[in-house]
Amino acid sequence: MHYHVLKTAVFAAIVFSVLASCNTTSGSAIVLPIETYINQASEGVQYNYTFKIKDSAIDVRWSIENAPSWLTIGAVTGELKGTPPIGFTKTETIEFTVSAKSVNNVKNRGSVNVNLTILNTANPEDTGTATNDYFSNSVVSCDVDNDGDLDLIIADYMAANRVWLNDGLANFTDSGQALGNSATNRLAAGDLNADGFVDFVEVCDQQQPTNVWFNDKTGKFTNIILPGITNSVNVLLADVEADGDLDIIESNDGPNRIFLNDGSGNFSDSGQRLGMQKSDSVAAGDIDSDGDIDIVFGNGVNAPNTVWLNDGTGIFADTGQRLGNRITGGSALADIDGDGDLDYLTGSFDGANLVWINDGTGVFYDSGQRLGNSATASINIIDIEGDGDIDIVTANYLDQPNNIWLNDGSGKFSNAGKPMGIESSTFVAFGDYDNDDDFDIAFSNGNMYTNTPQTVKIYENR
């Protein structure tokens, strides 16, 4: 069975392309060159773009012909605006003309023919389906067979986990492996035994143990089971004791645990029990700038997030900070304001997402920003625009569209107006799946409340 990637553009819901630079008029008229370029917008979101004459000193009046009724242009301002309606069942293209005419000499005019391509981002066009059988709770991007492209490991809550192999062009094939059957919540991937191949960790609900799956160097996996039974919600890999290997940090419905790696993939329980709340997410990084990995646990109902500092040997102490009082479905640490320390981003399942600023010593304060109001199950961070700062992508649950939040460079975020899908998304991952030198976005989906199976969707960067 093949997984044909959903080729829905993340960044180009509407694309303008100039078909003809300018159309001249007869006689001694002067052609007015109109400045234009490829631009983008999103279905269901108001769009604005202002056309200009290259000679800004000329006073002109603007008009459009053969445009849809929802698209208008300001006669004086040249501002093209409108909201593409939601409900397209497939990609559609329309053509219209934008014209400018000089106020002082009506013979002086110019026009451009514009193609308007509308992609149905509110209801993406699925070019094929394939995923796990029931409820995909997580997806990780990694090169499991060392062939130079990114494959997918998909966690399933109600069936076995699956490995999908990439042919290098973002066409995915089910490897046929059915790994476990243990109510999987989250996955984390990395080289756990220093053999140069990607392994992964699976944490599970319903009193199921944590599994470590080792790669046999051909992309086939076998597991070992870690001791102890918990209801694990999330997992992260990090070198907490600074010995050069990846350790396991579990966030649990109950005390959180750390398993230490001996460097060969043999794990031992550190004996630490960090907190007593249900922790839905975990983020790790050096938040107090002392050279070791610290942890922030994002907690559940009526349980503020907690900050734990590393003493340099992998032993953690609660700082006493209590951040917010929301269900933190996803979280990340990143320097969002360019001041050299790690700030804390939280995706809330029961309210707006929050931004916490680090004062440089590992103490966080609420920035006051409230980003959206969706049931966010996961967040991830990347420089989407290539402008040198960290942006946010949210995976939203309860059949709500996923969103991109753009950083202005100072740590202030605004919605990019590019909603993706209306599934119940559970996790978001990045990767250059089609090897075209830019990143794409993958969402795992599935609504456990309604027992609705949904496919993993990949959005291609155009």
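The values are calculated or read from the model by the stated rules, or taken from the named source; none is laboratory data. Quantities reported herein were computed from a predicted structural model and do not represent experimental measurements. Note that each Cβ is placed from the backbone with ideal geometry, even for glycine, and that neighbours are counted across all protein chains shown. Surface accessibility is based on the protein's heavy atoms, side chains included, excluding ligands, DNA and RNA. Shrake-Rupley method; radii C 1.70, N 1.55, O 1.52, S 1.80 Å.
Considering only protein heavy atoms, what per residue accessible area in square angstrom results for the range 230-330 with a 1.4 angstrom probe?
Computed with neighbouring chains in place, this is 35 Å² per residue.
What is the gain in length, in nm to one decimal, between Ala75 and Val301 on full extension, counting 0.36 nm per residue of separation less the C-alpha to C-alpha distance? Each step should come with its number before you reach the end.
On the way: separation 226, 0.36 × 226 = 81.36 nm, distance 5.34 nm.
Full-extension gain reported as 76.0 nm.
Suppose R0 equals 35 Å. What FRET efficiency, 1/(1 + (r/R0)^6) with r the Cβ-Cβ distance, do Asp167 and Glu65 give to the nearest 0.05?
The formula returns an efficiency of 0.20 here.
Starting from the 7 Å offset along Cα-to-Cβ, what nm value, one decimal, do you get for the label separation of Asn266 and Asp318?
The modelled label-to-label distance comes out at 3.4 nm.
Compute, for Asp438, the solvent-accessible surface of its heavy atoms (probe 1.4 Å) with the complete set of protein chains present, and express it in square angstrom to the nearest 10.
Asp438 has an accessible surface of roughly 40 Å² with all protein chains in place.
In the full protein assembly as shown, how much of Ser268 is accessible to a 1.4 Å probe, in Å² to the nearest 10?
Taking all protein chains as shown, Ser268 has close to 60 Å².
Mind listing the phi-derived Karplus ³J(HN,Hα) values for the range 69-74, rounded to whole Hz, using 6.51, -1.76 and 1.60 with θ = phi - 60°, and x for any glycine or proline?
Karplus-based 3J(HN,Hα) across the range 69-74 equals 5, 7, 10, 10, 9, x Hz.
Determine the alpha carbon to alpha carbon distance for each of Lys278/Lys457; Lys54/Lys412; Lys54/Lys418; Lys278/Lys412; Lys81/Lys418; Lys278/Lys418 and list only those over 27 Å.
On the way: Lys278/Lys457 29 Å; Lys54/Lys412 33 Å; Lys54/Lys418 30 Å; Lys278/Lys412 30 Å; Lys81/Lys418 16 Å; Lys278/Lys418 33 Å.
With Cα atoms farther than 27 Å apart: Lys278/Lys457; Lys54/Lys412; Lys54/Lys418; Lys278/Lys412; Lys278/Lys418.
Check the straight Cα-Cα distances from Lys217 and name the aspartates and glutamates below 12 Å, setting aside those fewer than 8 residues away within the same chain.
Asp143, Asp145, Asp147, Asp191, Asp195, Asp199
Calculated FRET efficiency, Ala352 and Asp216, Cβ-Cβ r, R0 45 Å, to nearest 0.05?
On the way: r = 45 Å, r/R0 = 1.00.
FRET efficiency, Ala352 to Asp216: 0.50.
Identify the residues of the range 395-428 with backbone N under 17 Å of a label point that sits 7 angstrom from the Cα of Tyr365 along the Cα-to-Cβ direction, or state none.
In the range 395-428, the label zone of Tyr365 (backbone N under 17 Å from the point 7 Å along Cα→Cβ) covers 411-412.
How large is the accessible surface of Phe430 in square angstrom, using a 1.4 angstrom probe and rounding to the nearest 10?
The value for Phe430 is about 40 Å².
With viscosity set to 0.692 mPa s at 37 °C, what whole-number translational diffusion coefficient in µm²/s follows for the range 194-301 from Stokes-Einstein and a Kirkwood radius over Cα pairs?
Details: Rh = 14.4 Å.
Rounded to a whole number, D works out at 228 µm²/s.
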